[in-house]
1. Straight-line reach only, C-alpha to C-alpha below 20 angstrom: list the aspartates and glutamates that Lys236 could link to, leaving out same-chain residues fewer than 8 apart.
2. Report P(r) for region 325-419: all Cα-Cα distances, bin width 10 Å, range 0 to the bin holding the largest distance, values in whole percent.
3. I'd like the distance between the alpha-carbon centres of region 150-202 and region 72-103, rounded to an integer number of Å.
4. Here are some pairs, Lys194/Lys413; Lys88/Lys276; Lys222/Lys413; which of them have Cα atoms lying more than 29 Å apart in this structure?
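FYI, it's all coordinate maths here, none of it is from the lab. Remember, it's a predicted structure, so these values are computed and weren't measured experimentally.
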Amino acid sequence: MRRIAAAVAGILFSVAAYSQTEGTFSGYSPYSVYGIGNLHSLGNAYSFSRGGTGIADRNHRFMNILNPASVTARDSLSFMADFGLSGKASLFRDGNSKGIGNIYNISDFAISFPLWRNAAFMVGLTPFSDIGYSTTTTEKSSEGESSIGYTGSRTYAAGGTGSVYQLFAGGGVTLWNRLSIGAQYMFLFGNIDKYSSVSFSESSFRSIAAGDTIQVKASTVKFGLQYEQPLGGNYKLSLGATYRMKAAMRGQSIAYDYWSMSSDGNRISRAETPLKGEGLSFGDELGAGLSFRKGDKWAVQMDYTRGNWTGTGFDSFRGFMNNSSHPFTGGIAQSIRGGFEIVPNANDIRHYLNRATYRAGAYFEQSYYKVDGKPLGTVGITLGATLPVYIWYNGLTVALEAGYTGLGGAPVKETFFSFHVGFNIFDIWFRKYQYE
């Protein structure tokens, strides 16, 4: 009970830590100006190192949070926890203009333990989407250009911060030793702030700014199933599927003005609009996966996901819609992922590196929105390894990722490099020692 209390306290601490990100960049990309920002690929360092795959994965050594049915793939009395950190460095190009961004953040926290025989439980917290951008343009006016007289230089600025997170809890059960089913409740929450401003170099003109703060809440359910078929010779073929239901958005949107750029004390709220009943929603998602494994030696996996974000209302609601020269609309989000892992010799007591797990993967994903009528494409490759620590399956997982965003004629090109570090904790509970 002390361990369970400590784990729950850890989750509550993580929720508090996540909640403190308002006003800071938890992500950075000019494309996060659209809708609820850039979606995170659900997963931990274990799945990231393998291209983000895991819908069909059943591995009793590591936690897999991509499919609630996978929670039953475990040793009977095992307790597992996973805590992750991530960082990302990006280079942006827009014609002759360039920019860089660096972000570091908590990426996931989850725990899992058995309930009864073939049933198990999992609870955790991960990011769902993030917003982080800042742009500035300065123009100099000439005499007689404006009807109000000479204004000197004008500086136009726009920015956004915030994140949406998902707190999830669910369980699964294995039937007939081969079919596993699971369900997961997901609570989405977070704060988003977007603003724009114009300031003048001439002191006789007052600088002003306007923006929107959106407090987001939503609830949904995710279902999962996995079927594992032994093929002989320690080979196994696994099939997996998931479905996350569409979620109606709640919360409120607050429109505001600043009559001075020097202090938040000059902020004036103009209107508060409840989001419930506005037709806003998070899109659903359907996923399918395939895994071919030889014991604890090696595994090959492939995943496909598809989410429908058309009709979610983001492209017409103030605060989510953008006023740039590149309008956006909701679309179909898709991804194809593939990955591979191998353990040279899990039982080697002489050579430490032979007990490590090595992984590689690649993916292509299409954004949930369209810019100028075209979806945004991203490709990436991943490399990683889990280094065993002490006894059981405790380990340190490190994943590296390199990718490119800008396929499909996107106006801004992004080249990025990221890392993920995961701490895999494994223990056996309720052991009764016997002595002869």
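1. Asp57, Asp75, Glu228, Asp296, Asp303, Glu341
2. Final binned percentages: 15, 33, 23, 16, 10, 3, 0.
3. 15
4. Values: Lys194/Lys413 22 Å; Lys88/Lys276 34 Å; Lys222/Lys413 33 Å.
Over 29 Å apart, Cα to Cα: Lys88/Lys276; Lys222/Lys413.
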